[in-house]
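Okay, structure first, notes after.
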Amino acid sequence: MYLWMNGTKTKGKVDSKWTSLDYQKQFKRKECVRYVSVPDNPGVCHCGLRERQHVNPLSGLHPVHSRRFSVWEPFAILDLHYLKVPTQGPHDAWHHKEDVREFPTDAYGSLFFRQDPKGFFKVAHYIRISNDTQIWRSFNEPPSEDSHNPEVLQLFVHVWNLLEPEPPRLAISFTGDEKNFSLEGTKKKTFMAGLMKAVESTNAWLLTDGSDSGLAKVVGQTVCQMQTITEVDGRQMPQIKCIGIASYSSCKNKDSMLNTNVKNRNKRHFYESPTCAQDGDLVLNSDHTHFLLVDDGLHSPSFASVDSFRTRLEEALHVTSPRGLEVPVIMLLLDGGVRAIDRCLKALKRRVPVVVVQGSGGAADLLADAVVSNFSLRRICEEEEEILHNILSKVSVYLHDLDVKQRMECAKKVLECCKTESKITVYNIDTDSTLDKSILTALRTGKANPEDELRLALEWDRVDVAESCLNPQIDNLSEVMRLALLEEKVDFVDLLLTWGFVLSSFLTVVELRNLYNLTKPKAHVRKLLGHANDDKAIRLNDVHKLLKEVVNSHSHRYYRDMNSLFEFCSTINKITFEDPYLELLIWAIITRRNNLAKYLWETCNFPLNTAIVATCIYQGIRDKVTDSAVRAECKAMKDHFETIAIKLSDLSYDKNVTNSVSLIHQRYMRWGGLSTLDLALVACDMSFISSPCARAGQDMRWKSIRIKFYVRISYRVLLMFAHFILVLFNLGYIPTYTEGILALIIASEALEKVVEMLSSEPFSASYSAWNSYDIVLLIVFLLGFFLRSLSFLN
């Protein structure tokens, strides 16, 4: 809900973008236009109003209506004879369809509820609406001013923006005792905690009667504890949508909701909750975010039109697009009476799941007792009379103040509910603390396909529900794994792998390429992969170029998919990777799925090297992007993986120095023969390079270089002396085969050294003074060989 300080203005936009004329063109109210006195109550019409309270049948205006005439009606129309409402003739009867007409609605906008004692206001949108208003619609198109078929879902989507910041995945409709229901102590805490978890999992809409008493008040208190405000395009939006559907005629202080000035679209309507309300009056609850005030033209207590309107709304929410919003609906029954059982029966006939809270009293306990008694459909058909008598005996226990006829009707409705027990879930609030799981389980009750149940649990982000859905009947989990990866549901990925999902068979070349294209990449991803200005599909070769740039070297034959032969070769497209976790880790890093990257690292074949590779990629991405948020994220993740690598190297170093040093010096052909220490230098992981293991590795590398230097120098010197001895003592003879072989060996090494010297840049890592010593020795040898050859030529 929105909050304002008394006397201050908010920065966000609160008022609807519709003007008063838009509301009046789209939505209607109902008014009685002909006064017909009730014989048993003279002076009162069948609609519940007195004669002077009726509207003008032509304009729909009230000549005198309680306090309203002094507010918005001109004093010139106070002549009652001028707007005399036609009365009945001698034989005229009052008919609802004929004597109640629709007029443009006059109550809409925002209600401000004062929150004492701090002077804050809670704000809720509301509208007075005819009970015959159309609900189904096509919400792909915005509402038109010329439309003569007003639709409630257009109001939800285009005016109230209820699909923002994210659409609901569930709608919970509450039914039960709307006046005297209350939960105390542990039961209340259990109910509120379970409802909070269910709403957080599904972003559910909550549908109540909107009153400040009974069940709706308890739901409002739950919403108040978990409500948050988000700003979308300059508008302040409540995260949780709690919609009250109430009868307009029963609302207390409804005069304060009227729009007295059509031109004033920003008027604030302050709703004062009365200190004491009469029986039948409905006081609106301030914790609700939206109110639909259903108007049937009658001003006497009646729930039939409200229940019918609410039923049609629930159907429209469940209907698939474009006629509805395709939001699953469940009904939650707490306490209640015959009316609650009737609503549950109608819901079950529409195949809407019902969750019965056993232990809340009234109709809920009655229906739960009947369902728990295992009244199966087959048994009901065989022993219907006996079961009906059994239920009838329980009606008087749970529901009081019912006569014999009402008890029999109630028992029959309970029996009808038991015939659809597959759609009823009983939750015992005294012994169970997982109301949220019961709510979510009820929605998947009766589904024939276990894969659909698993996808539903994935959509709710409920691993505990998904765990109960997994069974050997599910043959193909690839689609579920793909969704879990794309939505970064780490717990679901772990659950599937624990269950026995073979990732190496799942991740083919085609699948990895599809993951890069199904991820709906953000701007920085397409820019990194070279597709910032086009809509071409991302290929693995684009990833190869990026890795080669940020890691300095990358080699993998399956990442070369630019060749047309690669496209049509089914063998290559279906081939799998040696380490699928590493390929998914690279995908997760590039597409900014950081939590998934952390999990995938734990299952890689070479964790130390993979951690350093991750730092290289993050460092490379950080250098290429300009977005400050992405750069900060890359910096944090780079530090995270570098810390992990340091911990691993320290652990290995403490156990075995030699093996740990060999580990960081191990070279990987995937990264161009670079070792882990070389990759750390590329990523500028200075903390890792200064770790004890890395320092020991560097010391051992320089020691090895010195040993190789002296060995090679000694080797060249020995060769030179051997050759000169042969030259000095064999000047008069033809060169032998031994001299020839020795000359070829030394010549080949000389050529190798010359090539190395020419290809190395001055002062580079491979250029050093001792290479010059080699060259001097080899030149001396070649000179001796040339002198030895002169005698042979002569």
Filter result (open to solvent by 30 Å² or more (accessible area, probe 1.4 Å) and farther than 24 Å from V157 by Cβ) within the range 289-313: L298, H299, S300, P301, S302, F303, A304
Which listed residue, of R169, R128, is open to solvent by 50 Å² or more (accessible area, probe 1.4 Å) and either under 30 Å from G361 (Cβ atoms) or at pLDDT 85 or above (or both): R169
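State all residues of the range 490-508 that are open to solvent by 60 Å² or more (accessible area, probe 1.4 Å), out of contact with any helix residue (DSSP H, G or I) (no Cβ under 6 Å at 6 or more places or on another chain) and not hydrophobic (A, V, I, L, M, F, W, C); if no residue qualifies, say none.
Here is the first cut: in the range 490-508, the residues open to solvent by 60 Å² or more (accessible area, probe 1.4 Å) are 491, 494, 498-499, 502, 505.
Those still in the list that are out of contact with any helix residue (DSSP H, G or I) (no Cβ under 6 Å at 6 or more places or on another chain) too: 494, 498-499, 502, 505.
Across the range 490-508, the qualifying residues are D494, T498, S505.
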Per-region count, the range 292-335, residues hydrophobic (A, V, I, L, M, F, W, C) and in a loop (DSSP other than H, G, I, E, B): 5
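With the requirement that a residue be modelled with pLDDT under 65 and either farther than 20 Å from N517 by Cα or not aromatic (F, W, Y) (or both), what does the range 561-610 give you? Spell out how you get there, then give the answer.
Filtering the range 561-610 for residues modelled with pLDDT under 65 gives 563-573.
If the condition is that a residue be modelled with pLDDT under 65 and either farther than 20 Å from N517 by Cα or not aromatic (F, W, Y) (or both), then N563, S564, L565, E567, C569, S570, T571, I572, N573 are the ones that fit.
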Which numbered condition T431 fails, given (1) among the hydroxyl-bearing types (S, T, Y); (2) at pLDDT 85 or above; (3) surrounded by 15 or more Cβ atoms within 10 Å (Cβ to Cβ): (3)
Strands (runs of 3 or more DSSP E) within the range 202-250 that include 1 or more residues touching a Gly at 6+ places or on another chain (Cβ under 8 Å) and more than 27 Å from V465 (Cβ to Cβ): 229-232, 235-238, 242-247
Within the range 39-51, considering residues that are within 16 Å of V100 (Cα to Cα) and assigned to a strand (DSSP E or B), the one most open to solvent (accessible area, probe 1.4 Å): R50
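Could you please let me know if D79 is open to solvent by 60 Å² or more (accessible area, probe 1.4 Å), modelled with pLDDT under 50, part of a loop (DSSP other than H, G, I, E, B) and farther than 30 Å from H290 by Cα?
Values: open to solvent by 60 Å² or more (accessible area, probe 1.4 Å): yes; modelled with pLDDT under 50: yes; part of a loop (DSSP other than H, G, I, E, B): yes; farther than 30 Å from H290 by Cα: yes.
So D79 fits the description; yes.
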In the range 212-235, the residues that are closer than 28 Å to H158 by Cβ and surrounded by 14 or more Cβ atoms within 10 Å (Cβ to Cβ): A216, V219, G220, V223, C224, M226, Q227, R235
Residue count, the range 471-489 (criterion: assigned to a helix (DSSP H, G or I), out of contact with any Ser or Thr (no Cβ under 8 Å at 6 or more places or on another chain) and open to solvent by 30 Å² or more (accessible area, probe 1.4 Å)): 4
Hey, V426 touching a strand residue (DSSP E or B) at 6+ places or on another chain (Cβ under 9 Å), among the aliphatic types (A, V, I, L, M) and within 25 Å of S360 (Cβ to Cβ) or not: yes
Residue in the range 669-682 that is among the charged types (D, E, K, R), in contact with a Ser or Thr (Cβ under 8 Å, 6 or more places away or on another chain) and open to solvent by less than 10 Å² (accessible area, probe 1.4 Å) present: no
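The values are calculated or read from the model by the stated rules, or taken from the named source; none is laboratory data. Owing to the predicted nature of the structure, the values given are computational and were not obtained by experimental measurement. Backbone-built Cβ (ideal geometry, glycine too); neighbour counts: all protein chains shown. Heavy atoms of the whole protein, side chains included, go into the accessibility calculation; ligands, DNA and RNA do not. Shrake-Rupley method; radii C 1.70, N 1.55, O 1.52, S 1.80 Å.
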